[in-house]
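Single-structure report; data block below.
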Amino acid sequence: MIIDSHVHFWEFDAIRDAWITEDMYVLRRNYLPADLSVVLKENKVDGCIAVQADQSEHETIFLVKLAETNPCIKGVVGWTDLRAANLQERLEYFSQFPVIKGWRHIVQGEPDDFLLRTEFQEGVRMLGKYGYTYDVLIYHHQLKPALEFVSRFPEQKLIIDHCAKPGIKSKNISEWKHYMTGIAVHPNVYCKLSGLLTETHWGNWQEADFYPYLDIVFEVFGTNRLLFGSDWPVMLLSGKYAQWKNILEKYMEVYTEEEKQHVFGLNAARFYNL
């Protein structure tokens, strides 16, 4: 079974979705499971994980409701305020929806010390009781505090979204490699092979641009802790779904069939308890 570990859905709202700027015109419309199901079928992908894009519990419920009527959605990574005084009460409420597998905060939009703030860490510490995962969404310049963050949660299932958005445009790799290597030492931390298309000059990239970064994450995380993901529909800013999947398939041609199965589905099933 092939699982896309990272997709988004929304009914476009220009005010709420202000991050989708005018130059991102391809994203300024609704993207719903009916749109994705065609793409998944064309690319022989069996299901997906729907990940929050808006920091609201309203969106979390929206994704849960989509999952109820669209079997291609195998799990949801939602948002609730992990800093809230009533967090335990909120987690108790959301535990009635087994399709919710974990949580995410848009840390890439926060100050660099956000992951190290006490009230946020206290929230993350509560997730284990409910078997929830946590998706770490950061830019590469936030990797130093991220390394300290993961070192404080040896028992919590964590996953680095989009390989921590390396500086592919600037061919920036050494500092990113240093911190990703340190993060990968922690066996409870996984990494998503997603979101890299949009870290290039949009639509103006070569397959070889990604190989140095793939080389490193495959080396340090291994094929048991890497997850195929597309970041659809955001990835449409820079390419097509089939292009990214083909890049990863071509890169993995030298790997065993079992290793391919882990990266393209089994790891997602294990990490998100599908």
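Every number here is computed from the coordinates shown, using simple stated rules; none is lab data. Quantities reported herein were computed from a predicted structural model and do not represent experimental measurements. Every residue, glycine as well, gets a Cβ built from its backbone with ideal geometry; the counts of neighbours run over all protein chains shown.
Listed by chain and number, the aspartates and glutamates placed with their C-alpha closer than 20 angstrom to that of K169 are D23, D161, E199, E207, D209, D215, D231; residues fewer than eight positions away on the same chain are left out. Reported value for the range 136-208: 83 Å³ per residue, from the convex hull of its C-alpha atoms. Candidate membrane-span-like segments in the chain, meaning DSSP H helices with Cα atoms spread over at least 27 Å of their own axis and a Kyte-Doolittle mean of -1.0 or above, do not occur, with no membrane implied either way. Comparing mean-square fluctuations of S174, S230, S56 from a GNM of the chain with C-alpha springs under 10 Å, the top value falls on S174. About its Cα centre, the dipole of the range 152-274 is roughly 320 debye, where the only charges are +1 on Lys and Arg Cβ and -1 on Asp and Glu Cβ. Of the beta bridges in the range 3-271, as assigned by DSSP with both residues counted there, near 5 percent are antiparallel. Partners of K74 within straight-line reach, counting lysines whose Cα lies under 29 Å from its Cα and excluding those fewer than 8 residues away in the same chain: K41, K44, K65, K101, K129, K157, K165, K192, K240, K245, K250, K260.
If only the Cβ of Lys and Arg carry +1 and only the Cβ of Asp and Glu carry -1, the dipole of the chain around its Cα centre is close to 320 debye.
Of all alpha-carbon pairs in the range 133-274, indicate the percentage at a distance above 25 angstrom. Result for the distance tail: 21 percent.
Considering only Q108, T21, Y132, the residue lying farthest towards the positive end of the dipole of the range 1-134 is Y132, judged by Cα position with unit charges set on Cβ. Among K129, K157, K192, determine the one that fluctuates most according to a GNM of the chain built with springs between C-alpha atoms less than 10 Å apart. Comparing K129, K157, K192 in a Gaussian network model of the chain, the most mobile one is K129. Simple rule: put +1 on each Lys or Arg Cβ and -1 on each Asp or Glu Cβ in the range 3-271, find the dipole, and look at V220, T80, N43; the Cα lying farthest toward the positive end is V220. Net charge dipole, the range 229-270: roughly 180 debye, given to the nearest 20, about the Cα centre with Cβ charges of +1 for Lys and Arg and -1 for Asp and Glu.
When peptides 137-148, 22-33 are ranked by their average number of other Cβ atoms within 10 Å per residue, the highest-first order is 137-148, 22-33.
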